[in-house]
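Here the structure comes first, spelled out in structure tokens, and everything after it is commentary.
The values are calculated or read from the model by the stated rules, or taken from the named source; none is laboratory data. Here the structure is a predicted model, which means the values were calculated and not measured. All Cβ positions, glycine included, derive from the backbone under ideal geometry; neighbour counts span all protein chains shown. These accessible areas exclude ligands, DNA and RNA; they are computed on the full protein's heavy atoms, side chains included. Shrake-Rupley method; radii C 1.70, N 1.55, O 1.52, S 1.80 Å.
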Amino acid sequence: MTLRINDTAPDFTANSTEGEIKFHEWAGDDYVVLFSHPRDFTPVCTTEFGAVAQLVPEFEKRGTKVLGVSVDSVEDHGKWKGDIEKVAGCPANFPMIDDTDLKVAKAFDMLPADYYLPTEGRTPAHTATVRTVYIIGPDKKVRIAMTYPMSVGRNFAEIIRALDAVQETDGLPLATPANWMPGQDVIVALSLDDAAAEEKYGKLEKKLPYLRFAKDPKHG
């Protein structure tokens, strides 16, 4: 079943490069970025994991844990980390799950449609996880889901931006406009009338009756 926004992320227990992980317990009260990739020792995946390795401090600043998922074994992950470090210039200091049984990939709908076709004529690519990203809140609910094909490397700067937008608006009567970056104005929800909105967020810039901007209360 496809995971939707506001669904509770499935709990699971899996072995990882940092020992056994019980997902909900491991996540605790933090946000989580859970992302899958097709295979270890492949070119695009190595660049992606290198990008994440470089961004670990940025995720930590945001109270966010990062968790990689692959169909390969912990032993392979451990060997692959050396290649990632060569590309990134820093170690990959985040856990990578051993999902050789596809338990996590199936629970989080990380497999391509081809996986569910009859086995005749399938290649290994048909059973490899696609490039899926979930941003999961402290309440274990899915905030954002992104899926890319095997041939397209992800833009992790956008994943950080999306995480910032989620944390900016989580539980608040706010939204972020197209291309928003931290520090830029935010949109006030229509659940607040003008008076209540200005009392809470200061003077509004009203572009349209239903499009009202306020200064970023978090980064402004």
Task: Every residue from region 181-220 that is surrounded by 14 or more Cβ atoms within 10 Å (Cβ to Cβ) and either assigned to a helix (DSSP H, G or I) or free of Cβ contacts under 8 Å to residues at least 12 places away in the same chain (or both) - done: Ala197, Glu198, Lys200, Tyr201
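Of the residues Ala178, Ala157, Ala162, only one is surrounded by 13 or more Cβ atoms within 10 Å (Cβ to Cβ) and either out of contact with any Lys or Arg (no Cβ under 6 Å at 6 or more places or on another chain) or free of Cβ contacts under 8 Å to residues at least 12 places away in the same chain (or both); which?
Answer to the selection: Ala162.
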Task: Within region 18-48, tally of residues that are touching a Leu at 6+ places or on another chain (Cβ under 9 Å) and either without any contact (Cβ under 8 Å) to a residue 12 or more places away in the chain or part of a helix (DSSP H, G or I) (or both) - done: 3
TODO: Would you confirm whether any residue within region 103-118 is surrounded by 14 or more Cβ atoms within 10 Å (Cβ to Cβ), at pLDDT below 90 and in contact with a strand residue (DSSP E or B) (Cβ under 7 Å, 6 or more places away or on another chain)?
DONE: yes
Open item on the list: Given the criteria modelled with pLDDT of 95 or more and assigned to a strand (DSSP E or B), does Val66 qualify?
Closed with: yes
Open item on the list: Looking only at region 67-90, filter to residues that are of a type in the set (A, V, I, L, M) and open to solvent by less than 10 Å² (accessible area, probe 1.4 Å); which one of those is nearest to the chain's Cα centre (by Cα)?
Closed with: Leu67
TODO: Scan region 3-29 for residues that are within 20 Å of Gly63 (Cα to Cα) and open to solvent by less than 50 Å² (accessible area, probe 1.4 Å) and jot them down.
DONE: Ala9, Ile21, Phe23, His24, Ala27, Gly28
